[in-house]
Amino acid sequence: MPKLSVTRRTIARPQVSEDELKPAEPQGPAILAQERAQSSINVEQLAQHLLHRNDFLARQKKILGVIEKRPYFSKKNQLNITRPDRYHLGLARAKELRRLSLKYGWNFDDYKMADYLTDEMAAYALQTIMFATSIREQCNDEQKAYWLPKVENWEIIGCYGQTELGHGSNVKGIEWQARWNPETKDFTIHSPTLTASKWWNGSLGRTANHAIVVAQLMLPDKKTGKLKSHGPHQFIVQIRDMKTNKPLEGIVIGDIGAKYGYAAMDNGYMLFKNYRVPHSALLARYSGVDSTSGMYIPANNQAVVYGSLTYVRAQIIMHARLVLARACTIAVRYTSIRRQFADRDAKGKSEEVAVLNYPTVQIRILPLLATTYALHYTGEAMYNLYCILPAIVICSLSAQSPPTIPPLPIPAPKTRLPYPCQTPRSRNGMRSDVTKAAIHVSPPPPIPATTLPKINHSADGATPHIVVPIAKKILLKSRPYRRLNMSVSLPDRG
């Protein structure tokens, strides 16, 4: 039988250098430079106005110089890996951040900045966001002295178990029960129904070995002897074996599986079956149960029980505005460079029109840009309520000098902000200076606060008087909002 021979043919591929193959003119940088030249907004002052807290811009530059060179944080292929690998990549990134924080002596704000820049909600995130915050805010001094060192030294990994399959935002409707046992002076925590399953809790599916869980505090009524609920309360419990990481007896835990967003986070579910916890498990800074009499010790104000939730909600809003701002910046820059179709009504030869000039694009991007500002000032107001006003109250009770809420600097435009902004290429007239502010690229250097003018606050000290009218007009002029008959009620300032 004759032997078959295979001849390999080498195909020569032409070598093309970067100098030979360039984008068509005008190129993107030139277009963006032209757009920026038309803006009357002082971008440096706007950046300081929006990102003045905790020296954000300087801190971002410092931390970025450290983490951008680390291969763990490369995002090139993370969309193409499986979910188990994505979870383990998130763990590796979180551990690397921990190592870097020790190596460079980062404080908590530095660590949060690094966590933000990695753009990763990893499985350890709830440790610092919800778990540690609840211990600091809701534990009494004895509990705090025991638990806080374990958390700060990462001897235990925690999560926060509030949301259930049947109830989330309606905290009062939570079905988990924590029954007081007068004989043994402890609690029995139980999930009475399927809808009482803790659900969506981050870090629960695979990682956490401890949890702060929210359950209805059930105490025997002195008159009837029946159990009576005193509302939802927080308990700290161990949920997994510290060596095997398997759920303890009487506890069922699982991972809810793949989901959109937070790909590296192991959101999970959990049920307790008559699980006994000691009296000290009840977080007792503001309220508690007398271990001798079994009497309920109420809080002076029940709202303080949800203080850690208020803090976290404010952090979520402030983080959301940063993420949305990045998305809007990318969208505005791209649609400013991307050009499609010439103006049919123009006389003579006309250039292609930037995609951002089309109303159908504007009504999708501009409301999101306005939402970014709305989220920013909402988060600022919540921060002031949670972090500054309580300090003022405490100082007033102790006859100390209370801190003041610092006025936010306002951007000083070269001219009055027009709306709408008519530009040579914007015959449809919805390109505002606020839109073009998103086109700027480099973070500006810090400006001394003394050189910036003060802002005029509303009565609640929250919303400035320049951006809101622009945002309101953008929202009201957007056709989708009119078509859906949505009510937009942003107050006018000034």
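The values are calculated or read from the model by the stated rules, or taken from the named source; none is laboratory data. Quantities reported herein were computed from a predicted structural model and do not represent experimental measurements. Don't worry about glycine lacking a Cβ; one is built from the backbone with ideal geometry, like all the others, and counts go over all protein chains shown.
See the values below:
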read-out	value
Test for Ser17: is it over 30 Å from Leu356 (Cβ atoms), modelled with pLDDT under 90 and not assigned by TED's automatic domain parsing to the domain that holds Arg338	yes
Residue satisfying condition, being at pLDDT 85 or above and part of a helix (DSSP H, G or I), within set Thr329, Thr310, Thr292	Thr329
Selection from the stretch 343-371 of residues that are assigned to a loop (DSSP other than H, G, I, E, B) and either among the small types (Gly, Ala, Ser) or surrounded by fewer than 13 Cβ atoms within 10 Å (Cβ to Cβ) (or both)	Arg344, Asp345, Ala346, Lys347, Gly348, Lys349, Ser350, Glu351
The listed residue being in contact with a Phe, Trp or Tyr (Cβ under 9 Å, 6 or more places away or on another chain), within 30 Å of Ala354 (Cα to Cα) and either at pLDDT 90 or above or not β-branched (Val, Ile, Thr) (or both), out of Leu50, Leu46	Leu50
1 or more residues among the polar types (S, T, N, Q) and more than 30 Å from Phe108 (Cβ to Cβ): qualifying strands (runs of 3 or more DSSP E) within the stretch 138-222	177-181, 186-190, 210-220
Ile31 vs. criteria surrounded by 17 or more Cβ atoms within 10 Å (Cβ to Cβ) and not in a helix (DSSP H, G or I)	no
Residue under evaluation Arg285, criteria (1) basic (Lys, Arg); (2) within 24 Å of His167 (Cα to Cα); (3) assigned by TED's automatic domain parsing to the domain that holds Ile189; (4) out of contact with any strand residue (DSSP E or B) (no Cβ under 7 Å at 6 or more places or on another chain), criterion not met	(2)
Selection status of Tyr72, within 16 Å of Ala264 (Cβ to Cβ) and in contact with a helix residue (DSSP H, G or I) (Cβ under 6 Å, 6 or more places away or on another chain)	yes
Condition check for Lys62: assigned to a helix (DSSP H, G or I), within 19 Å of the chain's Cα centre (by Cα) and basic (Lys, Arg)	no
Positions within the stretch 192-210 being crowded, with 24+ Cβ neighbours inside 10 Å and more than 21 Å from the chain's Cα centre (by Cα), in sequence order	Lys198
